[in-house]
Amino acid sequence: MLEDLGRAIVTGHYEGERFPTEDELTARYAVSRTVTREAVKMLTAKGLLKARPRAGTTVQPPSAWSVFDPDVLRWLLERKFSLDLLRHFNELRSAIEPQAAALAAVAGPSPAYDAIEAGLQRMEAAERGEDDTLEADIAFHIAVLEASANPFFLQFRDMVATALRTSIRFTNRFKGRAADVPAHRAVFTAIQASDPVAARAAMTAIIGEVMDFITTAGTKP
């Protein structure tokens, strides 16, 4: 019920339409009032709905949605594909991941370093057909966030993992190849060498390539 209603709201099903009442939802999904109220409560917490006494429940505008919520982001990415949305996501990445790589370089060796190396090894294995390309790439980027040792950056973990699935699928499909392993290795090498400037530049280059591709794709007829 939560999945169905959340996706319907985000994809515009209720634009210009009244949101169902509690009785209507209970009957439609054949669930108890308690289940219905909990689902509405969760959607309200995600910024998708607003309940007012005697005014009922209404759908909130996109500006009110909690876009860092993994469910909301996933529903956004499942609707009609938008290069603008992909560009916006990678603009956020460019503000976070290069700095995370730089922080990882000065944080010193930790178990997170091993996770970065493991992600890189998975990417190399994926090139040989021995691992999943998408999951290996995501594992690498999440490990860099963790290695930053910044608790605020760690809050982006689920958001990055969710959005990368769409971003990487799109770029890999159109480029006809997987992620650039040497470019990712350059990030890890710089982190190992405790070189924040090189680490930041290497991660910036990875995201910059994606941004260039999005720009190019947007100019094609």
Report, to the nearest whole %, how much of the accessible area of region 58-177 belongs to carbon and sulfur atoms, 1.4 Å probe, protein only. 54
Within the chain, which whole H helices from DSSP have a Cα span along their axis of at least 20 Å and a mean Kyte-Doolittle hydropathy of -1.0 or more, if any? 83-107, 111-127, 133-147, 157-175, 196-219
If a/c stays under 1.5 just call it rounded; otherwise compare a/b with b/c (prolate if a/b is bigger, oblate if not). Do that for region 180-221, with a ≥ b ≥ c from the square roots of the Cα gyration tensor eigenvalues. prolate
Point-charge dipole on Cβ atoms (K/R +1, D/E -1) for region 1-128, about Cα centre, debye to 20: 540
Give the peptides 69-75, 87-93 in descending order of average Cβ contacts within 10 Å, highest first. 69-75, 87-93
Fully extended, how many nm does the chain gain between Arg185 and Glu15 (0.36 nm per residue separation, minus their Cα-Cα distance)? 56.6 nm
Send over the Kirkwood Rh of region 63-103, from the inverse of the averaged 1/r over different Cα pairs, rounded to one decimal Å. 11.5
Counting only helical runs of four or more DSSP H residues, what would the 222 nm mean residue ellipticity of the chain come to if each run contributes -39,500 (n - 2.57) and the total is spread over all its residues? -22500 deg cm²/dmol
For region 86-128, take the alpha-carbon Rg, divide it by the Kirkwood Rh, and send me Rg/Rh. 1.09
By the Kirkwood definition, with r running over pairs of different Cα atoms, region 52-153 has a hydrodynamic radius in Å of 16.2
Keeping every protein chain present and rolling a 1.4 Å probe, give me the accessible area per residue for the chain in Å². 53
Which distance in nm do the two modelled labels at Ser32 and Arg52 give, with both placed 7 Å along the Cα-to-Cβ direction? 3.1
Within the set of other residues whose C-beta is less than 9 Å from the C-beta of His141, count the net charge using Lys and Arg as +1 and Asp and Glu as -1. -1
Let me check against my output: what whole-number percent is the relative contact order of the chain, with C-alpha pairs under 8 Å and at least 6 apart? 21
Assigning unit charges at the beta carbon (Lys, Arg +1; Asp, Glu -1) and nothing else, what dipole magnitude in debye, to the nearest 20, does region 63-136 show about its Cα centre? 360
Within region 53-69, which residues have the backbone N less than 17 Å from the label spot 7 Å out from Leu2 along Cα→beta-carbon, could you tell me? 66-69
Show me, bin by bin at 5 Å from 0, the whole-percent P(r) of region 1-90 based on Cα pairs. 3, 14, 24, 25, 17, 10, 4, 3, 0
Determine the gain in length on full extension of the stretch Glu209-Arg157; use 0.36 nm per residue of separation and subtract their C-alpha separation, reporting nm with one decimal. 16.6 nm
Mean shadow area of the chain over all directions, Cα convex hull, nm²: 14.9
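The values are calculated or read from the model by the stated rules, or taken from the named source; none is laboratory data. Computed from a prediction, not measured in an experiment: that's the story for all the values here. Every residue, glycine among them, receives a Cβ derived from its backbone with ideal geometry; neighbour counts consider all protein chains shown. Remember, those area values only see protein heavy atoms, side chains included, never the ligands or the DNA or RNA. Shrake-Rupley method; radii C 1.70, N 1.55, O 1.52, S 1.80 Å.
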